[in-house]
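In what follows, a single structure is set out as structure tokens and then discussed.
The values are calculated or read from the model by the stated rules, or taken from the named source; none is laboratory data. Since the model is a prediction, treat every value here as computed from it, not as a measurement. Reconstructed Cβ throughout: ideal geometry from the backbone, glycine too, with neighbour counts over all protein chains shown.
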Amino acid sequence: MKPLDKREVRENYDDLGGGLYDLRYKEEQSRKYDAALQLTRSRGDDLLLDDGCGTGMLLDKICSSCVGLDLSVNLLALAKERLKLNHFLVQGDSEHLPFRAEVFHGVYAVTLIQNLPDKELAVSEMKRVLRTQATLFVTALKAAFNREYLSGLLDGKGFNGFEVIGDEGTNDWIACAKV
């Protein structure tokens, strides 16, 4: 398998377009988002990051203030339609998050990690932007990773603990980590 190239990933998602993305993945993604919200329980005054927000399906379910970040302009255009007053969108790179350190109460990275060339750097960046006592919720496609690989990505990054939970009825490994 050849290494991922960010330009190709962005172009693939831009070409896929949001409407087709939602049609193809909505049911599967909704199960992951429901699991994320059930396992993380944010408060109303929290500031959250949806890293790799795509078309904003998770944003649609979050009432707290939230920033959605994605590399694809076309997916962000559709995410804009789902925004609430306390939601914001940023086009950006998950391996170089354009945020200061320790700003978010929670980071969600759902079906993102397998699309990144430097997965270790991305997890380090997610950890960097999390406040103390915050939660990282990350999923990884079972077709791309095994449980041990996902554990290895989280291990040694300075989390106070993490657990690879399983799949909650999805095609992904699901993990929660605490700062």
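Quick look at the numbers
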quantity	calculated
Matching option when the condition is closer than 19 Å to Ala36 by Cα and over 13 Å from the mean Cα position of the chain (by Cα), among Ser72, Ser124, Ser64	Ser64
Meets criteria (modelled with pLDDT under 95, polar (S, T, N, Q) and either exposed (fewer than 15 other Cβ atoms within 10 Å of the Cβ) or closer than 19 Å to Ala35 by Cβ (or both)) for Gln91	no
Failed criterion for Glu125 (all others in (1) part of a loop (DSSP other than H, G, I, E, B); (2) under 20 Å from Asp70 (Cα atoms); (3) not small (Gly, Ala, Ser) hold)	(1)
The stretch 29-74 - residue that is acidic (Asp, Glu) and farther than 25 Å from Glu8 by Cβ and, of those, surrounded by the fewest Cβ atoms within 10 Å (Cβ to Cβ)	Asp45
Whichever residue in the stretch 75-88 is without any contact (Cβ under 8 Å) to a residue 24 or more places away in the chain and more than 24 Å from Lys6 (Cβ to Cβ) and, among such residues, is surrounded by the most Cβ atoms within 10 Å (Cβ to Cβ)	Asn86
Strands (runs of 3 or more DSSP E) completely within the stretch 130-179 that count 1 or more residues being exposed (fewer than 13 other Cβ atoms within 10 Å of the Cβ)	130-141, 161-166
